[in-house]
Structures are given as C-alpha cells and as structure tokens.
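The values are calculated or read from the model by the stated rules, or taken from the named source; none is laboratory data. Please read all numbers here as calculations on a predicted model, not as lab measurements. Glycine gets a Cβ as well: all are built from the backbone with ideal geometry, and neighbour counts include every protein chain shown.
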Amino acid sequence: MHLEALLDLIKHSPITHGIAAVVEHFLKGTQALVPRLAVGACVVEGDGEAPRVAMLLPPECMPPVGRDPSRLFPGFSDEQVFELDDGLAGSTFHLAIPVGSLSAEERELGEHLQQALGSMIEHARDYHQALRKSEGLARTHGKLVQTEKLASLGQIVAGVVHELNNPLTSIIAYSDYLKKKTQKRGQGGEDVSDDLERLRRIGEAAERILKFSRDLVAYARPSTDIPGPVVLASVIEQAIVFCEHELGKNCITLHKSVEPNLPPVRGISGQLTQVFVNLFTNAAHAMHLTGGVLEIDARLASDEAVVVEVADNGVGIPEDDLKQIFEPFFTTKVDGAGTGLGLSIVRDIVTQHGGTLSADRRPERGTVFRLNLPVVAVPPSMRPPRI
Ligand SMILES: Nc1ncnc2c1ncn2[C@@H]1O[C@H](COP(=O)(O)OP(=O)(O)OP(=O)(O)O)[C@@H](O)[C@H]1O
Ligand SMILES: [Mg+2]
C-alpha cells in the first residue's frame, strides 16, 4: 500500500517545475501517507548558499521552535533526520512525531522517501541545467544565423561596389575628354572657366568614389597577406573614410592626433583597418542619440610600442558589462542590430599582432579603448625622452 503510494508520488513529481515544487510535492504526499507525522526538508542550494527549509505539520502539532536545519522539529519527542545524497550535500529530509517514537515501519518509509526525494531533486536540477544549456545553444544558433546573413550581405555589397568600377571609369574618361574639348573652345577666345571647373569637380568626385570602392573591395576580400610594416596613420585614415558616413549621420566631430613619423607596426594592414573600423563604428553607435566627439590619439608609448586611444563621449559602458564586452556574442544592441562579435574579433586580431586592447569608462562620460601595438623598429630620433 505504502509502496504504491510512493511510486505514485515519484511518478507525479513535477521535476520540470523546479526543486521547490518537487520538495513541496513530496512533503504533501508524505503527509497524506502518514498524517500523524510532521515532515520537513532542508535543501542546500548552490555553493554555500543558505539552505532553503520547507516543512509541513499536521494540524494538531505545535509549530516547531527555531529553524535550525539540523533539527527542524526540536520540540518533538522523536525526530528522524535522513541525509539526502552526495550531490545534495547538507540537505536533509525529516520525519517527526510529537509524542512517542517512530515505528520501525515509519523509519523504513522514511528511508524510501529519502532516496526517492533525493533522486527527484537531482532530476529537477539536471532538467533545469539541460534546459539552460539548450536555451543557450538556441540563442547562439540564432546569432550564428545572423552573422552568416551579415557575412553574405557583405559579399553582395562588395559585388555591387565592384560593379560601380566600370561606370565610374567611363565618367572619368568622358569628363577628361570634355575637359580637353572645353579647353580647346577656350583657346578660341570663349570664356569656359565655369565649365572647366564643373568638369573638374565631376572628375574629382568620380575618382574619389572609384578609390573608395576599390579600397572597400580590397578590405572585404579575405586576407591572405603576409605580415609586414604597416603605417598606422594610413590605416587610421582609411578606416575613417570607411566610417565617414556613419560618423556624419550621427553628427560626430572628429578630433584626430597622430604623432608625425610614427614608426610602422608589424602586421596586416587589412586586419588593422578592421580593428579601427570596429572601434569607430562602436563609438558612433554609442553617440548616435546625442552626437559627440570621437577622439583618436596615436603616439609612441615606448621604444617598442605605439599606443592608440579611441575615445568617445557616448553612453558609456556599465561597470558590469566592461568585463564582458570582449566575449563573443555579447551585445546590448537590440533587434539584430549587432552580432556582438566585433570586439571579440578585434581583440583576437590585436593579440595576433602581439598587442593588447583594453577599455575603460571615462570619468566624465563615454568610453576609451586603448590599443598597444609593437613597432617594427624605432629610430633613435623618435624615442620618447626617458624620465
Ligand atoms: N564605444 C562604446 N561605447 C559604449 N558601449 C560600447 C562601445 N563599444 C562597445 N560597446 C558595448 O560592447 C558591446 C559589444 O561590442 P561589439 O562590437 O563586440 O558588438 P556589437 O557592436 O554589439 O555588434 P557588432 O560589432 O557585431 O555589430 C556593444 O553591444 C556595446 O554594448
Ligand atoms: Mg561592434
């Protein structure tokens, strides 16, 4: 009879509802089985966390005195304490009787309940861990899908930009042709200065777009470059050109200071451009509501390294987030606006270049990213004075 009731209790354990629900279910079931007993359980959660105590008393019982988990029913004449399993260290199951002592049958029942409750709690714990993991996997999968989408979008954009080359080359060639023709007209005494100026502007604008599109296609191409000396000033300049639209759209002013004749760093220029594009884009996003100032400061830090600071006065990064921003997939941008991969890739690139990257909150407002990169060699004239 008891065995059947026990099996029933196990069968209906609400393990998908968590440990608290399982304990409550067992206590209620036990009390229904032997109403004259008081039953309780003390479950220790996590590492060293305070035990969660649950108990049920038959209506005629006095409330227990105190809440010492080792004795839930100190006022009772007989209390049997059953240790739950190893995985639930410190957790106990209690049977108590107000007067007299527990019968042998009640003690045996207690042992069965102890085992059943122990394994049900473990099942509930495992279930929730598995659930958390599978939710995490589903989130990661969603982010990977988004990343893939952005990568293919990048390829499409690179293809479209490449298609601009031919019409741009025609515009440049025809504006040149018209310029020469106009100059000839001018030689005949006609005033052509306005037309010449217009044609010069057409040619110049087309050259600018052509250069931009070529650089963009080169940037999008997978890097197969071998590391070599890279001039940081050019890399920073190129990254600014790529981000010009993003900065302009968000009303961001640029303050750039690059120490003249910085020695080259050793690396792959496409990858270093990627580093700055990411840092500038993040800064632009952080200032998109208010506008602001993007400060870029590159200087020699020592005989061996260059330091570049990229600072903004945007929303800033909360202290807790600072520890996570370099983790893959950490993002605070909503609705797929960011994949959260930018800074983790940036840090990998910087590490592969033998450098370091850190972020700090600025005292007044905003964030500063500090990038250290080893230089190829510093000529003595460039060495900072020793203090
Ligand atoms: N300059 C900054 N100011 C404020 N927060 C920043 C700044 N740079 C990064 N962050 C924070 O760090 C998070 C992670 O940045 P990361 O570049 O890795 O990913 P993302 O910008 O969210 O997405 P993605 O770069 O893939 O588009 C951002 O979501 C943002 O919360
Ligand atoms: Mg980013």
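Odds and ends about this structure:
- Wholly enclosed helices (runs of 4 or more DSSP H) of the range 165-263 bearing at least 1 residues among the basic types (Lys, Arg) and at pLDDT below 85: 193-220
- Qualifying residue in the range 293-303 (condition: more than 9 Å from ligand 1 (Cβ to nearest atom), polar (S, T, N, Q) and in a loop (DSSP other than H, G, I, E, B)): yes
- The residues in the range 248-286 that are of a type in the set (Ser, Thr, Tyr) and within 13 Å of ligand 1 (Cβ to nearest atom) can be counted, and the count is 1.
- Failed criterion for Gly340 (all others in (1) within 9 Å of ligand 1 (Cβ to nearest atom); (2) at pLDDT 95 or above; (3) not hydrophobic (A, V, I, L, M, F, W, C) hold): (2)
- Looking across the range 343-360 at every residue that is of a type outside the set (D, E, K, R) and in a helix (DSSP H, G or I), the one that is farthest from ligand 1 (Cβ to nearest atom) is identified as Gln352.
- Among the residues of the range 277-326, those that are within 12 Å of ligand 2 (Cβ to nearest atom) and out of contact with any Ser or Thr (no Cβ under 8 Å at 6 or more places or on another chain) comprise Val277, Asn278, Leu279, Phe280, Thr281, Asn282, Ala284, His285, Ile325.
- For the range 316-340, the candidate set comprises residues that are buried (at least 19 other Cβ atoms within 10 Å of the Cβ) and touching a helix residue (DSSP H, G or I) at 6+ places or on another chain (Cβ under 6 Å); within that set, the residue that is nearest to Val306 (Cα to Cα) is Ile325.
- When restricted to residues that are within 8 Å of ligand 1 (Cβ to nearest atom) and not in a loop (DSSP other than H, G, I, E, B), the range 311-337 contains 2.
- Pair list, Cβ < 7 Å and 6+ apart or interchain, from the range 176-195 residues that are in the same structural domain as Ala206 (by TED's automatic domain parsing) to residues that are among the acidic types (Asp, Glu): Thr182/Asp195
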